[in-house]
Amino acid sequence: MRRKSIEKKLFLWVLGFCLFFGVGLALWIIHSEENQRIISAKKSLILVSSRYKDTLEKKIEKKRKLGTTANNIILESLTGENPTFQTEIRKDNQGAFRSTDGFSGAFLSNLNTLTLEQKRLFAVTENLWKDIAPLLLEDFYNLYYISNQNFIRIHPKDWALEIEPDHDFSTDIFYSVGTPEKNPSKKPVWTEVYYDSIWKKWMTSLIVPLYDKDRFLGITGSDFILDDIFNHIELMAKTEGWCKGFLFDNNGNVIVHADYREEILKTQKEMNAKFTLENLNNEGLAKLISKTTKGKQTFSTPFSFYDRKNLSYVVVQPIKFLNWNLGVYTDHTSVVKGLSTLRWQIFVISICLAVFLALLLKYSFNKIILQRVKQLGAGVSAISAGDHGFSLEVVRNDEIGTLEKGFLDMQDSVKQKITELEHKNEELQQFAYVASHDLQEPLRMVSSYVQLLARRYKGKLDEDADDFIDFAVDGANRMHVLINDLLTYSRIGTKGNPFQLISTDEIIKEVLKNLSVTIEENKAEITYNSLPSIVADKNQFIQLFQNLLANAIKFKGKADAKIDIKAEETYKGWKFSINDNGIGMDSEFTDRIFIIFQRLHNRSDYPGTGIGLAVCKKIVERHGGRIWVKSKEGVGSTFHFIIPKMEESS
């Protein structure tokens, strides 16, 4: 398994962090920009709606003042002196009185004869209308006076000349909204928006009650055609370029909306027809108008709604003097227009910055820390490989500099300790070798004479003497084996062969050949698959496998021994495993068995010197590896050892 260097890991980690931070920052910037645009759009909606509201209110106020002034002039004329001229009044075939001077017209419903007061009314209004009507017609479509005697004077004249002779003005909305019963405040009022079938216009009327002190004389009225307001609101989208406007009254009737101009104009054009919410094919806008008219929505504060399923932001402003409301709105798409391109630009810039920052941090880390850490690592590797002459330079007096100084101190200390250990180990190995070698000669003499006694005097002495001779022979033999094993153990580190490339398969075959008699006698079954070639000491590896397999056979259970040999490649090297179905052991003894002369069983049950596994451990450690065992009593054991990958010795 290939390991990634800390440099690559750190770079990937820093890159990931920078990308995460960069993308997060980009998302935050985009989100902030979107919120800022929404806030800005809402503020702009308030400003635009206030501006259009002020314009409308100024227009309405101007007309209200004109209408009130005209009303005062009419009142003065009606209550003033009699006119000096007499107008022509004719009675039509149906009994209604009508008159016209070509500019205005007058009408009075069915009467037998006219009173002097009624004649005066015809004359005064005709004269008056010639003076004041032209002044008002710049702002109003017409000017009319309806008296409490069912009399009307109006400009243009057509309506008075065409009206039904039995028409009752008290039932008209224009007259009734100004009566004391409907308007006790006596203030000017505006009618609802309506379609006038005679003028064929959408309009609203300014009605001003006419009083002589507390006596109600009638009303003066002026019809305001809404074409100018329609155009003013409908052109908002073109004028502002990003928002739209609409008007609706407190009863929920839509007065004007640029997107519904055709629908409004197509509404049944009967007298007093209205464009209601039922005619509005827009659920979101209908809900908005309904909430506003029911007082569930705050005026002058931006809020959200869905215009034909499109998220939009709107501000609703009440219009002074009228029961109208002005709505100005814009859709979310228009607010965040261009943000998609900006989003990608920010993402690209963030990613580029993240990569640049990661590379910069990598370079800085590599320059300031990693190169020095690598140098320390090289020093540790050199010392572990036995190279104690490694040179290290202390670059900076910082934390790593302190570590470098500590490393140099440790290096000196290790050199000193290793030198001492080498001397002591050399002396110890020499002692062990000499001791075991020098013991061979007297042991052979003792063994020879004891065996001679056994052959010559066996059965000639008493039974105790024969036992003593047997004990002496057995002890000499065991001492011989022990000295040989001890000699083998001492030679592992000093008398080993150079490492070379060997085939583990061939090693196993040779071991099985050496143990063939033992395998056959114990009916042991040993299996293995294809094993790797490694760099090692061939003779010591034969001894390693032979000791482990012999132990597996020796410590078998009641069943025939079954032993399986496997090898797998790891990042540390080749890991070998030898699994058996033997008697196993308790886990508390798994470390103890690798110590020299340590035994878990009586010699009478399982013969041996207790050196075999210690030899295995020393062989593995000479190859730079590690050996351990996992075992369960009564189930079996698995011995593992790892041999690092090495270059072949020259």
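Once a ≥ b ≥ c are taken as the square roots of the eigenvalues of the Cα gyration tensor of segment 117-170, is the result rounded (a/c under 1.5), prolate (a/b larger than b/c) or oblate (a/b not larger than b/c)? In terms of gyration-tensor shape, oblate.
Among residues other than Phe216 with Cβ under 15 Å from its Cβ, the summed charge is +2 (Lys and Arg +1, Asp and Glu -1).
Taking every protein chain into account, the 1.4 Å probe leaves Cys18 with about 10 Å² of accessible area, to the nearest ten.
In terms of distances greater than 18 angstrom between alpha carbons, the cross-link table entries Lys53/Lys294; Lys287/Lys309; Lys59/Lys287; Lys523/Lys554 yield Lys53/Lys294; Lys59/Lys287.
Accessible-area rank, largest first, for Leu116, Leu226: Leu116, Leu226, with all protein chains present and a 1.4 angstrom probe.
For the pair Arg622 and Asp168 in one chain, pulling the backbone fully straight at 0.36 nm per residue adds 150.8 nm over the alpha carbon distance. Assuming 0.36 nm per residue, please report the length gained on full extension of the stretch Asp101 to Glu263 beyond their Cα-Cα distance. Once the chain is fully extended between Asp101 and Glu263, it gains 54.3 nm. If you look at the Cα atoms of segment 88-241, you get an Rg and a Dmax of 16.8, 63 Å.
Computing FRET efficiency as 1/(1 + (r/R0)^6) for Ser587 and Gln345, where r is the C-beta to C-beta distance and R0 is 60 Å, gives about 0.40.
Subtracting the Cα-Cα distance from 0.36 nm times the residue separation, let me have the gained length for Lys186 to Glu525 in nm, one decimal.
109.9 nm
The distance linking segment 322-365 with segment 178-231 is 53 Å (Cα centroid to Cα centroid, whole angstrom). Heavy-atom accessible surface of Leu277, to the nearest 10 Å², is about 50 Å², with a 1.4 Å probe and all protein chains retained.
Heavy-atom accessible area, probed at 1.4 angstrom with all protein chains present, ranks Tyr306, Tyr175 as Tyr306, Tyr175, highest first. Model label points for Glu76 and Lys238, set 7 angstrom from Cα along the Cα-to-Cβ axis, are 4.3 nm apart. Amide H contacts of Leu210: Leu217, Gly218, Ile219, Thr220, each under 5 Å away and 5 or more positions distant or on a separate chain (H built 1.01 Å from N in the peptide plane; Pro and chain starts excluded). Just list whichever of Lys238/Lys337; Lys417/Lys572; Lys43/Lys65 have alpha carbons separated by over 25 Å in the model shown. In this structure, Lys417/Lys572; Lys43/Lys65 lie more than 25 Å apart at Cα. Rounded to the nearest 10 square angstrom, Met410 shows an accessible area of 80 square angstrom against a 1.4 Å probe. Surface composition of segment 87-205: carbon and sulfur make up 48 percent of the accessible area, probe 1.4 Å. In this rough spin-label picture, where each label sits 7 Å from Cα along the Cβ direction, the Lys200-Lys59 distance is 2.3 nm.
Of the trypsin sites (Lys or Arg not before Pro) found in segment 491-579, the ones in coil according to DSSP and having at most 16 other Cβ atoms within 10 Å of their Cβ are Lys495, Lys523, Lys558, Lys572. Which of the three applies to segment 45-165, rounded, prolate or oblate, going by the alpha-carbon gyration tensor with a ≥ b ≥ c and a/c under 1.5 meaning rounded? Because a/c hits 1.5 or more and a/b exceeds b/c, segment 45-165 counts as prolate.
Spacing of the modelled spin labels on Lys460 and Asp131, each 7 Å from Cα toward Cβ, amounts to 18.0 nm.
The values are calculated or read from the model by the stated rules, or taken from the named source; none is laboratory data. What you are looking at is a predicted structure, and each value in this text was computed from that prediction instead of being measured. Cβ: placed from backbone, ideal geometry, glycine included. Neighbour counts: every protein chain shown. Each accessible area value is taken on the protein alone, full model and side chains, heavy atoms only, with ligands, DNA and RNA left out. Shrake-Rupley method; radii C 1.70, N 1.55, O 1.52, S 1.80 Å.
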